[in-house]
Amino acid sequence: MSDQFELIGAINPRGKAPSICVPAFGSRTSNDTFVQLIGIDDRAVDFEVIEESSWEPVAPLAKHRSIQPGSLALYCIVWSDDKPDCDIGQIDEIRQSLLERRWLIDCIENPFEQLDFAQLSRYQTWFSEVAQKCEAFFKSRDEVQSWLRYSLVLGRLRSTFYALASSKNAPVSLRRKMEAAITVDEKGTDNLSDPGFLKKGPIFNSEDIEAIKRQLENDVAYNYGRSRLSGASDGKLKPSETVSRRWTKRITVSDAQRKRTGNQRGSITLTKSSHPIDQATYFRNELFDNAEWIPGKSRSGETLQTALIRFSTNVLGQNLGVLSIPVSFAANRQARQGNYTSLLHLGPLAPWFEGQDMTNKWLVLERDNNGAFSLTIQENQPTV
């Protein structure tokens, strides 16, 4: 029977919140402290001893959890320095939390630190937006090319290969030897398929290389680096022209987070609201169909999809710029609630709703013919 490892704390490499922490584990059969080695399938393939002094408790942990080799790995994000607020869970749970709280991450001044969160989210649009900010920090095009080639493409190749080698229980010396043998040219093309590469590690085969390639198909850092090195378009939108879709709603007491009893939902229900639409599918399949939707689970275990929508935002006449606001879709909500499947989560709008009662004001969501979005909250009913 495999040893059980209990979550006891975390290492905070950033030193402050928000931070992606490294979970620390204790073992029932040892006094050592361990970290998990994560394979390419998000499973903890092994546990490695760390120095006791390099971690500290994250208090209070949401709940103590135990895993063993082969279990899905656990991730930990600390959101606040001032109050206990952390998320601990498997990758689908953590990705959902990242999307919902991107507005907190956008407040981090250093885009390279933001990039770590975007990478963990595996949300390509988010990663690309932040990576473009990172490129602006370099002094020359050669420095940009070097970062793309070595940090993103080669770095992700080597990291993915190391994860696969760990799952095969390859000796550490062989893992490092094979990592060092991976190269990438100026266009981002690697040497994994070269006949001589596998000869350096006889325990590896062509199926392992195919597994790495499949894993990298969904790797946001690798894909961005390859795309930029190959000269592909950065996907920036053209200037807005005309509105192609528009939806409006008078904000209810519940939407305004002003219910007198029960918990406030923290979101606005996206409903029919007198429009000739099928509210069960319109927001997911029409208004926001061009968004990047990520499958995940809510804290209650509900299966859902979430998209981060970049809205040009105006609240009661004040221009807030472009904000990342989460929209979630769950088909089973309609059966449970009987009236909606999609929610607009307040995210960065929450302080505005806390500071002023938005009840009976009007919410306007628009999409232009280039696919860009705007969000307006206004006093008067919008004209047609």
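Data table
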quantity: Verdict on Arg122 being in contact (Cβ under 8 Å) with a residue 24 or more places away in the chain, within 23 Å of His345 (Cβ to Cβ) and of a type in the set (Lys, Arg); calculated: yes
quantity: Failed condition for Val220, given (1) among the hydrophobic types (A, V, I, L, M, F, W, C); (2) in contact (Cβ under 8 Å) with a residue 40 or more places away in the chain; (3) over 30 Å from Glu143 (Cβ atoms); calculated: (3)
quantity: Residue match in the range 153-169 (condition: free of Cβ contacts under 8 Å to residues at least 60 places away in the same chain and of a type in the set (Gly, Ala, Ser)); calculated: yes
quantity: In the range 12-53, the residues that are open to solvent by 60 Å² or more (accessible area, probe 1.4 Å), of a type in the set (Ser, Thr, Tyr), closer than 25 Å to Ser80 by Cα and at pLDDT 85 or above; calculated: none
quantity: Tally, over the range 1-11, of residues that are over 18 Å from Gln90 (Cα atoms) and either under 19 Å from the mean Cα position of the chain (by Cα) or open to solvent by less than 50 Å² (accessible area, probe 1.4 Å) (or both); calculated: 1
quantity: Matching residues, the range 257-279, being surrounded by fewer than 18 Cβ atoms within 10 Å (Cβ to Cβ) and not polar (S, T, N, Q); calculated: Arg258, Lys259, Arg260, Gly262, Arg265, Gly266, Lys272, His275, Pro276, Ile277, Asp278
quantity: Residues (at pLDDT 85 or above, within 27 Å of Asp87 (Cα to Cα) and open to solvent by less than 20 Å² (accessible area, probe 1.4 Å)) located in the range 284-303; calculated: Ile294
quantity: Hits in the range 115-159 (condition: among the β-branched types (Val, Ile, Thr) and buried (at least 21 other Cβ atoms within 10 Å of the Cβ)); calculated: Val130, Val153
quantity: Glu217 of a type outside the set (Lys, Arg), farther than 21 Å from Leu148 by Cβ, out of contact with any Ser or Thr (no Cβ under 8 Å at 6 or more places or on another chain) and open to solvent by 20 Å² or more (accessible area, probe 1.4 Å); calculated: no
quantity: Total residues in the range 94-112, condition open to solvent by 60 Å² or more (accessible area, probe 1.4 Å) and either closer than 17 Å to Phe311 by Cα or not polar (S, T, N, Q) (or both); calculated: 4
quantity: One residue from Ser328, Ser312, Ser324 being over 26 Å from Gln90 (Cβ atoms), open to solvent by less than 70 Å² (accessible area, probe 1.4 Å) and touching a residue at least 24 places away in the same chain (Cβ under 8 Å); calculated: Ser312
quantity: Selection count, the range 352-384, where residues are surrounded by 15 or more Cβ atoms within 10 Å (Cβ to Cβ) and in a helix (DSSP H, G or I); calculated: 2
quantity: Helices (runs of 4 or more DSSP H) lying entirely in the range 90-186 (those with 2 or more residues that are within 30 Å of Glu207 (Cβ to Cβ)); calculated: 91-100, 111-121, 124-135, 155-167, 172-181
quantity: Scan of the range 74-97 for residues that are touching a Phe, Trp or Tyr at 6+ places or on another chain (Cβ under 6 Å) and either at pLDDT 90 or above or under 17 Å from Phe127 (Cβ atoms) (or both), ordered by number; calculated: Ile94
quantity: Criterion violated by Ile209 - all others in (1) open to solvent by 70 Å² or more (accessible area, probe 1.4 Å); (2) within 21 Å of Ile38 (Cα to Cα); (3) at pLDDT 90 or above satisfied; calculated: (1)
quantity: Any hit, the range 153-167, residues being among the charged types (D, E, K, R) and more than 22 Å from Leu7 (Cβ to Cβ); calculated: yes
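The values are calculated or read from the model by the stated rules, or taken from the named source; none is laboratory data. From a predicted model like this one, the values you see are computed outputs, not experimental measurements. Counting neighbours? That spans all protein chains shown, and the Cβs are built from the backbone with ideal geometry, glycine included. Ligands, DNA and RNA are stripped out before the accessible areas are found, and what is left, the full protein with its side chains, is counted by its heavy atoms. Shrake-Rupley method; radii C 1.70, N 1.55, O 1.52, S 1.80 Å.
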